[in-house]
Amino acid sequence: MMNPIELKKAVGSGLLSFPVTHFDDQLKFDEAKYRRHVEWLSGYDAAALFAAGGTGEFFSLNPAEIPQVVRAAKASAGKTPIISGTGYGTSLAIEIAVAAEKAGADGLLLLPPYLMFAEQAGLIAHVKAVCQSVGIGVIVYNRDNAILSADSIARLAEECPNLIGFKDGVGDVDKVIEITTLLGDRLVYVGGMPTHEVYAQAYFAAGVTTYSSAVFNFVPALAQRFYGALRTGDQATVDEILKSFFFPFVALRNRKKGYAVSIIKAGLRVLGQNPGPVRPPLTDLTQEELVLLEKIVQANGVTRIAAE
């Protein structure tokens, strides 16, 4: 397990991703297939992988399953750091965080609490309690009903030494600039918009130079090529991949609610892998939509063989 400073350095060193969580036909965790998938992804130089994160259907896993997923990821990822999701109310978030740490997680991603909107003081107390419950590094996820102000992030960074990162899924770049300017290198900053690649250029300008790539699940080489082009200023390659892959991919993703997760599992099916269905209340892509996704993938030179 990494200490928080080591994890912070690792997270900021390259592209991140969220492995999907594999289920069988009865919607039970399929550990064998999940482990093979994580092992495959670890060969594509992700800086860190988030086990049981948003794309990994954290919201559909029960608390006992999360450490199982973390242990499986740790056993298969080699030297790649594994960051576990945690969330819900404070008590349950602490319970999951402690269990994930015991299962070998190198860090935690603190997702928004369940349902409630809260004042800054309450959100600060929530994040602080989770940070203080573990010794591993914590990344806080600004999204939906858990939007911390720059002043709140600064206070938490001062009071919680193991708070090592800030992930943004809101899209208010001006607020991100305020946070990165105020905190400087105290934290590592992670882009977390759905299909973040279409937002990445704006976030890079705001000081957020890494992000979590969901499509890394099924087109890891393409995801790394895009990230490399961003980092080196290769605008021609960035534009080419946006137009040929990401824009049509996002158009298909936006057809139905919940497809931000469902379309990633569908991508694996297109490549000949079987991650199993999504758990309700999510729904899988239709056969027609699978065909459309396959055309997008094939147009970018990715074949079924590439997934083996």
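Listing for the model above:
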| read-out | value |
| --- | --- |
| Meets criteria (open to solvent by 50 Å² or more (accessible area, probe 1.4 Å) and among the hydrophobic types (A, V, I, L, M, F, W, C)) for Ala236 | yes |
| Criterion (modelled with pLDDT of 95 or more and among the aliphatic types (A, V, I, L, M)) met by exactly one of Ile305, Ile296 | Ile296 |
| Index of the failed condition, Val250 passing every other in (1) open to solvent by less than 30 Å² (accessible area, probe 1.4 Å); (2) over 23 Å from Gly301 (Cα atoms); (3) assigned to a helix (DSSP H, G or I) | (2) |
| Any pair with Cβ under 6 angstrom, 6 or more apart, that starts in segment 69-82 at a residue that is of a type in the set (Gly, Ala, Ser) and ends at one that is open to solvent by 20 Å² or more (accessible area, probe 1.4 Å) | Ala72/Glu31; Ala72/Arg35; Ser76/Arg35; Ser76/Glu39; Ala77/Ser42; Gly78/Ser42 |
| Output for segment 193-221, where each listed residue is of a type in the set (Gly, Ala, Ser), free of Cβ contacts under 8 Å to residues at least 60 places away in the same chain and touching a Phe, Trp or Tyr at 6+ places or on another chain (Cβ under 9 Å) | Ala200, Ala206, Gly207 |
| Which listed residue, of Tyr203, Tyr189, Tyr199, is aromatic (Phe, Trp, Tyr), closer than 23 Å to Asp144 by Cβ and either open to solvent by 40 Å² or more (accessible area, probe 1.4 Å) or modelled with pLDDT under 95 (or both) | Tyr199 |
| Selection from segment 147-173 of residues that are surrounded by fewer than 22 Cβ atoms within 10 Å (Cβ to Cβ), of a type in the set (Gly, Ala, Ser) and touching a helix residue (DSSP H, G or I) at 6+ places or on another chain (Cβ under 8 Å) | Ser149, Ala150, Ser152, Ala154, Ala157 |
| Looking only at segment 261-291, and only at residues there that are of a type in the set (A, V, I, L, M) and surrounded by fewer than 18 Cβ atoms within 10 Å (Cβ to Cβ), the one that is farthest from the chain's Cα centre (by Cα) | Val291 |
| Flag if Phe245 is within 19 Å of Val20 (Cα to Cα) and hydrophobic (A, V, I, L, M, F, W, C) | no |
| Residue check for Ser17: farther than 23 Å from Ser133 by Cβ and open to solvent by less than 10 Å² (accessible area, probe 1.4 Å) | yes |
| Selection count, segment 213-229, where residues are more than 22 Å from His37 (Cα to Cα) and buried (at least 22 other Cβ atoms within 10 Å of the Cβ) | 0 |
| So Gly12, is it modelled with pLDDT of 95 or more and either closer than 25 Å to Thr283 by Cα or in contact with a helix residue (DSSP H, G or I) (Cβ under 8 Å, 6 or more places away or on another chain) (or both) | no |
| Counted residues, segment 125-137 - those being within 20 Å of the chain's Cα centre (by Cα) and either open to solvent by 10 Å² or more (accessible area, probe 1.4 Å) or without any contact (Cβ under 8 Å) to a residue 40 or more places away in the chain (or both) | 2 |
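The values are calculated or read from the model by the stated rules, or taken from the named source; none is laboratory data. For clarity, every value in this text was computed on a predicted model and none was experimentally measured. Every residue, glycine among them, receives a Cβ derived from its backbone with ideal geometry; neighbour counts consider all protein chains shown. Just so you know, the surface numbers come from the protein's heavy atoms only, side chains and all, with ligands and any DNA or RNA stripped out. Shrake-Rupley method; radii C 1.70, N 1.55, O 1.52, S 1.80 Å.
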